[in-house]
1. Filter the strands (runs of 3 or more DSSP E) completely within the range 403-516 down to those with at least 2 residues that are among the β-branched types (V, I, T) and modelled with pLDDT of 90 or more.
2. Quick one: in the range 555-597, of everything that is touching a residue at least 40 places away in the same chain (Cβ under 8 Å) and open to solvent by 50 Å² or more (accessible area, probe 1.4 Å), which residue is farthest from L645 (Cα to Cα)?
3. Going by what's in this entry, would G138 be described as out of contact with any Cys (no Cβ under 8 Å at 6 or more places or on another chain), modelled with pLDDT of 85 or more, at positive phi and not in a strand (DSSP E or B)?
4. Tell me which residues, restricted to the range 223-271, are assigned to a strand (DSSP E or B), charged (D, E, K, R), over 14 Å from I189 (Cα atoms) and in contact (Cβ under 8 Å) with a residue 24 or more places away in the chain.
5. Could you list, in sequence order, the residues of the range 72-94 that are open to solvent by 20 Å² or more (accessible area, probe 1.4 Å), of a type outside the set (K, R) and more than 36 Å from the chain's Cα centre (by Cα)?
6. Looking at (1) under 30 Å from L629 (Cα atoms); (2) open to solvent by 50 Å² or more (accessible area, probe 1.4 Å), which is the only condition L288 fails?
7. Name the residues in the range 106-146 that are open to solvent by less than 10 Å² (accessible area, probe 1.4 Å) and over 16 Å from I163 (Cα atoms), would you?
8. When only residues in the range 13-29 that are among the hydrophobic types (A, V, I, L, M, F, W, C) and either crowded, with 21+ Cβ neighbours inside 10 Å or in a loop (DSSP other than H, G, I, E, B) (or both) count, which is modelled with the lowest pLDDT?
Amino acid sequence: MVQISNLVNLDSLYAEVFPIRIESLPKLYAYSIETKGDKSAIGGKLAYRLRREQSGHYAWTRNQIVTDRILEPERIDELLEKLWKEQPENFGDLVALHETAGWHPSPQSQADFVAQGLFLDIEPNIQQFLKTKNVDLGNATIERYLEKRGWEVQNSPAISISISSHLLYKKPLNEYVQAIDDLNRLEGIFVADRTSTLKGEIVEIVGKVADHRKRLLANTAREEMQEIIQNADENEIVVRIASGRKEYDYPISALKIVLRGGDYSRFNIDSRRALNALRIEPRHRSELVMAIADIVKSKGIISNAYNSKDSKELFSYKIYSERRIRYGNNSIVAYNERPVLEHLQKFGLYRIADRFKNNQEIKVQIIDAVPSVYKSRFYDSLKKELRSVGFSLEIQGIENLSDIARFELENTIDKIDTPDLDLILAFLPDDINYDEDELEPYYDFKSITVRRGIPSQAIFASTIDNKYALGNIVLGILGKTGNIPFVFAEPLSYSDMVVGIDIARQKKTRLPGSMSATAIARIYFGNGELLRYAIYDTPLEGETIPESVLRSLFPIKDFKEKNVVIHRDGHFRGKEKQALLEWAKKIGATFYLVEILKSGTPRLYGISQNRATSAPKGSAFILNPYEALVVSSSPQTPNATAQPLRIRSEPPFSIEQAIDSVLSLTLLHYGSLLPPRLPVTIHYSDKIAYFALRGIKPRDLEGQVPFWL
């Protein structure tokens, strides 16, 4: 790491994070809850009811209710009896609520109290301001929302103030339902609660209001929602939405449709106009955040945002291009994404797959679903680029498809799948109408080829003449056919191996409370070379992956007495950390655990000539010795603001080492000339999980060729 003062072309960095003025906080009290089950399932709901039933402010933090009011024991008893009677489904497991003796507020509890409590007094003014920033797109409206969160920054309370944008369909969901002939088409639609900030995806049609009204009323104390449920027609549909790991039932009149990229054509939205309006360029985003911060500052709650001029020790910058890369013939150069193909042309590949060592000819079958587009120039360019890096391309045949349905795709792949085939290349149209019950043609194509263990490359019509896309295609073909274009010249100094793990979970329909899980591990040597991937299926009760599966991911023969960095896509859950550390101790290894959180992070900005810009890749805001917000990739469009990752390590692995492991492993993606936001250890985890939960996995559940590229 280098200090920010050495950052070229920027005067400073700052974060959307603001110190809380502790002297402005009231005296706080904490109340512990006793339950028969999971406290976290009750705590947030109880804090909400206390806000409705009592004066004062309330927050659920660190498994306690924190408030600025003393609750009399008699009043607590009255409230609990009321909750047990009115909402037994939500509060039946709640046993008692009592003051925590000798409690002193931690910085995190103070921060959460401000975010969940004091901010509620200010939010109406903030939302009124943000309403003036909405954008009308005809059938839909882009609305701006406040996102706030409590943080602990170097043992002091802080709060982040961020802006999110959502594209909302103007017609209510219940009007949309009247226009469709199949209610199953509701599944997969993203929706928002009209009376709160909750959002999620419709996952099930539950029934009709007539059969669920009493239960729905018992599950909410919000007057606005009570009124919607009371006024709902007997025949109105009730749906279940998944929000994070929780599920909720709603009458459809309580929901509005949130449009995502795949919904634009379905709801007649101009996609280019929508995407341009959804993105907020750094200067404008910064101005919005600072305007909101001024509203909060007027109440005396926060100070100026953390910045590298006032808090130099909290910011750092990793010059990722300083890492050296090894190509063929032991040629070593400093990393630079722009001339990657030039370096491959000059030095050759680090390692050529065994099947190509005697004859570097890649045998390809073509599936052409856009035969109307002229491709001779593309074929010539592709052959030329592959020749420049030492490979020839043999096109064994071209199959034209007028119908891109899965049946036709599978029949065609049946016909062209031969033992000597190296790769199937498919040309797909950009905008395809497909049956709602089917996967998109791209996913159909990938699922068929992945299951059969056939490397595949999809090319959309709009990229056929894109010279930059051609470079990505060449790099992808090389990686998918088992070649290794380049690795680190010097292995990571602190680790023999780096492993990315992700757990894809899915509820089983016939076994209430149980889950099926697919554990995916990608194992790299310290120089960035892929050792193998491994996929394991397991039944799962609760949140913890069985120790037997975790041990299978880290066999003794590979990991004994090794130093291993483990990148977790998201949080370690349940007792996963404990199980991993115990296994490491048994095999004489040292496991360094790193959580990589992709969402919910405030942004970082650079300041250049008094103008806000997106912070460059490698910028970091250090929350504490083992946690940081890190910009791991530059935004792909000039008018966007980079979304940092939240990286958390465990002692004794420092946050600087964790950041280095993440940023370094972003350099080894062979599917694109541009480094991805995530390290290759967990890049495409969502895509792999999407396939895995649908039973789409490679024929070989362990292998050395990155099928996910």
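The values are calculated or read from the model by the stated rules, or taken from the named source; none is laboratory data. Computed from a predicted model, the values in this text were never measured in an experiment. Cβ atoms come from the backbone with ideal geometry, glycine included; neighbour counts cover every protein chain shown. Protein only, heavy atoms only, side chains kept; ligands, DNA and RNA dropped before computing areas. Shrake-Rupley method; radii C 1.70, N 1.55, O 1.52, S 1.80 Å.
1. In the range 403-516, the matching strands (runs of 3 or more DSSP E) lie at 497-507.
2. Pass one, the range 555-597, residues touching a residue at least 40 places away in the same chain (Cβ under 8 Å): 558-559, 562-570, 573, 577, 592-597.
Retained after the next criterion (residues that are open to solvent by 50 Å² or more (accessible area, probe 1.4 Å)): 562-563, 573, 577.
Values: K562: 27, N563: 24, R573: 19, K577: 20 Å.
Per the stated criteria, the residue is K562.
3. Working: out of contact with any Cys (no Cβ under 8 Å at 6 or more places or on another chain): yes; modelled with pLDDT of 85 or more: yes; at positive phi: yes; not in a strand (DSSP E or B): yes.
For G138, the condition - out of contact with any Cys (no Cβ under 8 Å at 6 or more places or on another chain), modelled with pLDDT of 85 or more, at positive phi and not in a strand (DSSP E or B) - is met.
4. E247, D249
5. E72, P73, E74, D77, E78, E81, W84, E86
6. Of everything listed in (1) under 30 Å from L629 (Cα atoms); (2) open to solvent by 50 Å² or more (accessible area, probe 1.4 Å), L288 misses just condition (2).
7. Matches in the range 106-146: S109, A111, F113, V114, G117, A140.
8. Within the range 13-29, the match that is modelled with the lowest pLDDT is L13.
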